[in-house]
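The structure under discussion appears below in the form of structure tokens.
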Amino acid sequence: MPSGYLPIFIFLLVAIAFPVVAIMAGKLIRPSAPSVTKLEAYECGIKAASDSRGRYTVRFYIIAILFVIFDVETVFLFPWAVRYRALGWFGVAEVAVFLAILIVGYIWAYKKGAFEWV
């Protein structure tokens, strides 16, 4: 075995052992006194009105997915901002096209009614 891989294996061993040892130490040290009150879903002092596994409408998931998609797309502006001076007017034109496509996507989602909660 080449000696160059030894630090990688040591790091891997430490990376696996640290969380395992920490969880086992926590389980041994922490107090454990379960009761009916502690095992309830909420410990705020108010009895739960219903089961916490209610149904959500599909609109909630659509808005969440749209947020993630558009948020990830705007992250692509960061590398452009870092290299702004080196890219010159070509970079400005590329970002203008990118933002135009992003805005068209926003308008399309708005026209489809994806941002309405009702």
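The values are calculated or read from the model by the stated rules, or taken from the named source; none is laboratory data. The model shown is predicted, which means the values in this text are computed figures rather than measured ones. Neighbour counts run over all protein chains shown; Cβ positions are idealised from the backbone, glycine included.
If you go through the stretch 61-94 and keep only what is aliphatic (A, V, I, L, M) and over 30 Å from GLU116 (Cβ atoms), you end up with ALA81, VAL82, ALA86, LEU87, VAL92, ALA93. In the stretch 33-87, the qualifying residues are those that are farther than 30 Å from ALA109 by Cβ and surrounded by 10 or more Cβ atoms within 10 Å (Cβ to Cβ), and the one that is modelled with the highest pLDDT is GLU40. When the residues of the stretch 84-112 are filtered to those that are of a type outside the set (A, V, I, L, M, F, W, C) and free of Cβ contacts under 8 Å to residues at least 24 places away in the same chain, the one that is nearest to PHE67 (Cα to Cα) is TYR110. Within the stretch 105-114, being surrounded by 12 or more Cβ atoms within 10 Å (Cβ to Cβ), aliphatic (A, V, I, L, M) and assigned to a helix (DSSP H, G or I) holds for one residue alone: ALA109. Scanning the stretch 55-104 for residues that are over 22 Å from the mean Cα position of the chain (by Cα), of a type outside the set (A, V, I, L, M, F, W, C) and in a helix (DSSP H, G or I) gives TYR84, ARG85, GLY88, GLY91, GLU94.
Summed over the stretch 1-32, the residues that are charged (D, E, K, R) and either at pLDDT 95 or above or part of a loop (DSSP other than H, G, I, E, B) (or both) give a count of 1. When the stretch 69-118 is filtered for residues that are over 30 Å from VAL58 (Cβ atoms) and of a type in the set (Phe, Trp, Tyr), the ones remaining, listed by number, are PHE78, TRP80, TYR84, TRP89, PHE90.
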